[in-house]
Amino acid sequence: MRELNIFCDSCLGQNKNITVFRFCHFLVHVKKRFDRLWVTFPARGHSYLKSDKNTGLVNQKAKCELPDDWRFEIVNARKKPEPFIVVDCKKEMFYGWGEFLNGYYRRKCPFAQRSIAQYHVN
């Protein structure tokens with residue numbers, strides 16, 4: 001069985017949005033990349049993800065105005081076990097999934113997203 005389990009924070013704007021839900025459904029039912037897909041949203045403040053710990057190392061009070069300013073702060077936030085690696089993202093690396101998926105799905109989410117703890121597609 002081809003199964004994908006995703007564990008992410010409960011941010012409505014980033015992870016709990018209609019585009020993410022439609023994309024997960026697209027991967028299972030249209031592209032048939034997976035037989036099942038699970039997205040788990042832990043309770044706020046209880047995930048203890050490594051990314052949360054790493055974000056805490058970055059100086060949030062730094063006077064950064066440009067992306068290069070943040071790059072400097074992130075790279076220098078940690079020395080051991082090794083410095084963070086920052087990858088430059090170019091516009092070509094991103095795809096407008098929202099517009100693409102409008103051809104397959106409704107634009108409005110038919111269910112309440114805020115209270116979801118786990119999303120399952122099979």
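The values are calculated or read from the model by the stated rules, or taken from the named source; none is laboratory data. Everything numeric here is computed off the predicted structure, so don't read it as measured data. Methodologically, a virtual Cβ is constructed for each residue, glycine included, from the backbone with ideal geometry; neighbour enumeration extends over all protein chains shown. Areas reflect the complete protein model, heavy atoms only, side chains present, ligands, DNA and RNA absent. Shrake-Rupley method; radii C 1.70, N 1.55, O 1.52, S 1.80 Å.
In this structure, does residue 30 turn out to be among the β-branched types (Val, Ile, Thr) and surrounded by fewer than 10 Cβ atoms within 10 Å (Cβ to Cβ)? Write out each step before concluding.
Values: among the β-branched types (Val, Ile, Thr): yes; surrounded by fewer than 10 Cβ atoms within 10 Å (Cβ to Cβ): no.
Against the criterion (among the β-branched types (Val, Ile, Thr) and surrounded by fewer than 10 Cβ atoms within 10 Å (Cβ to Cβ)), residue 30 does not qualify.
Tell me whether segment 87-98 contains one or more residues that are under 18 Å from the mean Cα position of the chain (by Cα) and surrounded by 13 or more Cβ atoms within 10 Å (Cβ to Cβ).
Looking for residues that are under 18 Å from the mean Cα position of the chain (by Cα) and surrounded by 13 or more Cβ atoms within 10 Å (Cβ to Cβ), one finds at least one in segment 87-98, hence yes.
Kindly indicate whether residue 84 is at pLDDT 90 or above and touching a Lys or Arg at 6+ places or on another chain (Cβ under 8 Å).
On the way: at pLDDT 90 or above: yes; touching a Lys or Arg at 6+ places or on another chain (Cβ under 8 Å): yes.
For residue 84, the condition - at pLDDT 90 or above and touching a Lys or Arg at 6+ places or on another chain (Cβ under 8 Å) - is met.
With (1) in contact with a Cys (Cβ under 6 Å, 6 or more places away or on another chain); (2) assigned to a loop (DSSP other than H, G, I, E, B) as the list, and residue 37 as the residue in question, which single condition is left unmet?
Here residue 37 clears every test but (2).
Note down all Cβ pairs under 8 Å where the first residue falls in segment 99-112 and is closer than 11 Å to residue 26 by Cα and open to solvent by 70 Å² or more (accessible area, probe 1.4 Å), the second is part of a loop (DSSP other than H, G, I, E, B) and of a type in the set (Gly, Ala, Ser), and they're at least six residues apart or on different chains.
Listed by first residue and then by second, the contacts come to nothing, as the list is empty.
Okay, residues lined up against (1) exposed (fewer than 12 other Cβ atoms within 10 Å of the Cβ); (2) in contact with a strand residue (DSSP E or B) (Cβ under 8 Å, 6 or more places away or on another chain); (3) at pLDDT 90 or above; (4) not hydroxyl-bearing (Ser, Thr, Tyr):
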{"site": "6", "(1), (2), (3), (4)": "no, yes, no, yes"}
{"site": "9", "(1), (2), (3), (4)": "no, no, no, yes"}
{"site": "26", "(1), (2), (3), (4)": "no, no, yes, yes"}
{"site": "45", "(1), (2), (3), (4)": "yes, no, no, yes"}
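Return a yes/no flag: does segment 90-105 have any residue that is at pLDDT below 90, basic (Lys, Arg) and over 24 Å from residue 18 (Cα atoms).
Yes, because at least one residue in segment 90-105 is at pLDDT below 90, basic (Lys, Arg) and over 24 Å from residue 18 (Cα atoms).
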